[in-house]
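Let me begin by presenting the structure, written as structure tokens, before commenting on it.
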Amino acid sequence: MELNIIKESVEYVKSRLNFEPEIGVILGSGLGDMADTLEERVVIKYSEVPNLPVSTVHGHAGQFVVGKLGNKKVIMMQGRFHFYEGHKMNVLALPIYIMKYIGVKSLIVTNACGGANTSFVPGDLMIIKDHINFAGSNPLIGKNEEEIGPRFPDMSTAYDKEYIQLAKEVGTTLNMDLKEGTYMMFTGPTYETPAEVRMARILGADAVGMSTVPEVIAARHCGLRVLGISCITNMAAGILDQPLNHEEVIETSTKVKSKFISLVNDIIQKI
Ligand code: HPA
């Protein structure tokens, strides 16, 4: 992503704000309501921001919501861009760079995903400790902008160890049995086959999904500290003898929503 394109988007978003958010949050399927809890809200539709594409997924609002949560200044993405919508991967990096250049230091990424680890149950929340990029692409492919970050970013601690510890502590305080595991990204939009899910498990994945990895790569490229939390909305294909569908995903994430929101909220207060 070229710097002048990023700067143009950043200038627009900055012009709409009278403070600098320090924490970014990407709200996954079903979690979008969390943005409604912000105070002194400023809503910026993606369609208003120069260079951002229009998000096409049903049930995703497609806007930044900026505001205060307690005394923390945050910017939330209500709806995100997916590779399966047909965007080039580097487009998925743009909202992350926008957040970086308006002052964000930490990024909390959430998603809905399928459980590949057979000890999980739908409704579980999983702290992401690592990921496998199985999408066959990378948002950093293309010319590198040295001002943003290095050509070959280190991914050995993509998910911040201190944030993982913090999330666990908050989980304990809230009496939640949080899982921890590796997230593997498939492009979608098909759900995986049972054979793909078996492969994912053999390769060390605990959860499979269609997002998050490009955003985390971009975030690490530009030096943001990252925390990832997944909602296991369903067991991945082939684990249970039943078909998968988007309705089930939405149903589970809606059920878990208030728990998920209080976890993310309490973590934000302690970041
Ligand atoms: N696979 C991929 N993405 C998903 C799933 C799944 O089982 N559930 C929710 N998002």
Just from its helices, what would the mean residue ellipticity at 222 nm be for the chain, if runs of 4 or more DSSP H residues each count -39500 (n - 2.57) and the sum is divided by every residue, rounded to the nearest 500 deg cm²/dmol?
-> -9500 deg cm²/dmol
Summing +1 per Lys or Arg and -1 per Asp or Glu among the other residues with Cβ less than 11 Å from Asp124's Cβ gives -1
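At a threshold of 8 angstrom on Cα-Cα distance, excluding pairs fewer than six apart, so keeping six or more, what relative contact order does the chain reach in percent?
On the way: 561 pairs, mean separation 69.5, N = 271.
Across the chain, relative contact order equals 26 percent.
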Which whole-number percent is the relative contact order of segment 1-132 (Cα, under 8 Å, 6+ apart)?
-> 33
Share of Cα-Cα pairs in segment 143-271 beyond 26 Å, whole percent, is 33
Two-decimal Rg/Rh across the chain, once Rg and the Kirkwood Rh are taken from alpha-carbon atoms = 0.94
So how do Arg220, Arg16 line up by other beta-carbon neighbours within 10 Å, fewest first?
-> Arg16, Arg220
With N residues in segment 1-122, what two-decimal value do you get for its Cα radius of gyration over 2.2 N^0.38 Å?
-> 1.08
Label zone at Ser262, where the point sits 7 Å out along the Cα-to-Cβ direction: segment 88-131 residues whose backbone N lies under 17 Å = 123-126
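Would you mind counting up the charge near Gly171? Only other residues with Cβ under 14 Å from its Cβ, with Lys and Arg at +1 and Asp and Glu at -1.
Numbers: positive: Lys129, Lys168, Lys179, Lys259, Lys270; negative: Asp124, Glu169, Asp177, Glu180, Asp266.
Charge balance near Gly171 sits at 0.
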Return the lysines within reach of Lys179: Cα separation strictly under 27 angstrom, same-chain partners fewer than 8 residues apart disregarded; answer none if there are no such residues.
-> Lys72, Lys105, Lys129, Lys161, Lys168, Lys255, Lys257, Lys259, Lys270
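Every number in this text was worked out from the coordinates using simple rules, so none of it is lab data. Since the model is a prediction, treat every value here as computed from it, not as a measurement. Using ideal geometry, Cβ is built from the backbone for each residue, glycine included, and neighbour counts are taken over all protein chains shown.
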